[in-house]
Protein chains: 2
Amino acid sequence: MSSPSTPARGRPPRLDRARTVQTALDLLDRSGLDALTMRRLAEAMGVQAGALYRHFATKQDLLTAMAERMMDGVTEAAAQTRGGDWTERLAALAHALRAALLARRDGARVFAGTHATGASVLGFADAVMGVLREAGFPAEDAARALYTLTNFTVGHTLEEQAALPWGDADPAGPAALADAVADGTYPHLEAGLPALTSADFTRLFEFGVGLLLEGLRARR
Amino acid sequence: MSSPSTPARGRPPRLDRARTVQTALDLLDRSGLDALTMRRLAEAMGVQAGALYRHFATKQDLLTAMAERMMDGVTEAAAQTRGGDWTERLAALAHALRAALLARRDGARVFAGTHATGASVLGFADAVMGVLREAGFPAEDAARALYTLTNFTVGHTLEEQAALPWGDADPAGPAALADAVADGTYPHLEAGLPALTSADFTRLFEFGVGLLLEGLRARR
DNA sequence: ACCTGAACACCGTTCAAGT
DNA sequence: ACCTGAACACCGTTCAAGT
């Protein structure tokens, strides 16, 4: 048989899925999602843009492969918490998911914009379901809890990565909020302004995960 | 004085912010976010693309105005629950936010991609903060609860609107999940498959909001 | 088999010039 | 004051032709 692993007969290919995804992720980190174009990626690989379509049917296909690669190791990263109880293990899984998204510039946007169903994504979902079912939750509640935890984590990290480039002339930063609130129209926002503009996203994430876990505990 | 409301001296303008945002939202509903281009919007308004830049500095600016318009009336929609206790009022606000996003095609994507801080958005945030502080939460926890509720709702609705066009040849639908799980590698996913592929997003959203509210109740 | 070159049908944005 | 016309610097994607 002449599989792809056969010693090259002609020229060795300059392109393959793995190397291309890796280069795309590096480019993402350097320039962000908006600057990640097929043409720039091709240039980074020393090739013409059209050549990329030998390995990826569309740009969306490439982004999905990037999302799947980003998830490699999420479950393993959370597996250290084997000793803990089920709430600690769920918290560790949620933190591992956030960390995987944060590890790449615009990681949450890439993940939210694709429907990755690779082994890492399924492995993560299976791990969450396993903890929940071991804790005694019926399959229906376990499934809903999985989606809730995932959707919250993605929603939070999307906000977190969108908020990080503040401080520039971005009209949505803390200063703009303070201005908009200053006229007394929003008394409750005014009272909470310091807390609302605090950028401690890790504590905020822990707060949200904590609420979800306490809710689950109450429901068991 | 010669304000914008002065009877027109020359030709009446064919463009203004309000009409443009309205047309953009209609176009969004008909064609989706990916098909919403400045050129197509200009065509729908009987004008050249460049003319739009008299009212919006960038496309991002237009999208922000669209997000703010989408939020008009969210707080009012939830205000009917005046009689209920604080958990019911928070639930009503969360449901009103989801409803506002669902009301437009790709509404969650538009909202998540902008930093809208218009009166409607601030009014919504102020209402949530008001309920929480009346319930006795300190400003810090109230602020965190506001973000948690908002981020979960946006994350959920993003998923919900991305999942709706399933059934086509989308490789991420329920059928694909069933295939991927069929080989026994993911026992917990397999056990939860019916629940995982159920598309009852309203119940799923209620479950998530319920968890958050129970968590808040436990923390009070 | 793998990639080039060139095209097709678009984009967002800018700006002198018209009315 | 408001809009046109035309350009600039790009896009994603396709595909005959080369090697």
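The values are calculated or read from the model by the stated rules, or taken from the named source; none is laboratory data. Being a predicted model, the structure only gives us computed values, none of them experimental. Because the Cβ atoms are built from the backbone with ideal geometry, glycine has one as well, and the counts that use them run over all protein chains shown. Side chains are part of the model used for accessible areas, which takes the heavy atoms of the whole protein and leaves out ligands, DNA and RNA. Shrake-Rupley method; radii C 1.70, N 1.55, O 1.52, S 1.80 Å.
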Using θ = phi - 60° and Karplus 6.51 cos²θ - 1.76 cosθ + 1.60, couplings along the range A:211-220 (whole Hz; Gly, Pro as x): 4, 4, 5, 5, x, 5, 4, 5, 8, 5
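How high is the relative contact order of the range B:17-57, given as a whole-number percent (alpha carbon pairs under 8 Å, six or more residues apart)? Intermediate values should be presented prior to the final figure.
On the way: 23 pairs, mean separation 14.3, N = 41.
Computed over the range B:17-57, the figure is 35 percent.
Magnitude of the Cβ-charge dipole of the range B:17-57, K/R +1 and D/E -1, about the Cα centre, nearest 20 debye? Numbers along the way, then the final one.
Numbers: 6 positive and 4 negative charges, 39 e Å.
The calculation lands at about 180 debye.
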Partner chain coverage, peptide A:203-212 - average Cβ within 10 angstrom: 6
Inter-copy label distances at residue A:165 (7 Å, Cα→Cβ; nm, one decimal): 2.5
Packing-based ranking, highest mean first, of A:22-28, A:200-206 given that Cβ atoms within 10 Å are counted: A:22-28, A:200-206
Unit Cα scatterers, Debye sum, the protein assembly as shown: log10 I(q)/I(0) for q = 0.11, 0.12, 0.13 Å⁻¹: -0.94, -1.10, -1.27
Spin-label pair residue B:76/residue A:85, simplified geometry with 7 Å Cα→Cβ offset, distance in nm: 4.8 nm
Minimum 50 Å² accessible area buried by the other protein chains, the range A:124-151 residues, probe 1.4 Å, relative to alone: A:126, A:144, A:147, A:148, A:151
Inter-label distance, nm, simple model (7 Å from Cα along the C-beta direction), residue A:53/residue A:166: 4.3 nm
Chain A: radius of gyration and largest Cα-Cα distance (Dmax), Å: 21.4, 76
GNM result for chain B, Cα springs below 10 Å: residue of B:174, B:12, B:165 fluctuating most strongly: B:12
Accessible area that becomes buried as A packs against B, both chains, 1.4 Å probe, Å², nearest 100: 4800 Å²
Gap separating the Cα centres of the range A:104-181 and the range B:179-218, nearest whole Å: 15 Å
For A:192-198, mean number of other protein chain Cβ atoms within 10 Å: 6
Probe 1.4 Å, accessible area per residue of the protein assembly as shown, Å²: 49 Å²
For residue A:85, inter-copy label distances in nm, listed shortest first [label point 7 Å out on the Cα-Cβ vector]: 2.5
FRET E, pair residue A:18, residue B:18, Förster distance 56 Å, beta-carbon r, rounded to 0.05: 0.65
Protection proxy ranking of B:111-122, B:44-55 - average other beta-carbon atoms within 10 Å, highest first: B:111-122, B:44-55
Rotation relating B and A, chain A residue nearest the axis via C-beta, angstrom: A:155, 1
Per-residue HN-Hα couplings for the range B:83-99 [Karplus 6.51, -1.76, 1.60; θ = phi - 60°; Hz; x = Gly/Pro]: x, x, 7, 5, 5, 5, 5, 5, 4, 5, 5, 5, 5, 5, 5, 4, 4
Other-copy label distances relative to residue B:176, 7 angstrom Cα-Cβ extension, nm: 3.4
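For the protein assembly as shown, with all protein chains present and a 1.4 Å probe, just round the carbon and sulfur fraction of the accessible area to a whole percent. Write out the running numbers ahead of the final one.
Working: 11130 of 21580 Å².
With neighbouring chains kept in place, the figure for the protein assembly as shown is 52 percent.
So, with +1 on the Cβ of K and R and -1 on the Cβ of D and E, and no other charges, what is the size of the charge dipole of chain A about its Cα centre, to the nearest 20 debye? Don't skip to the answer; put the middle values down first.
Values: 23 positive and 26 negative charges, 259 e Å.
Using Cβ point charges on Lys, Arg, Asp and Glu, chain A gives about 1240 debye.
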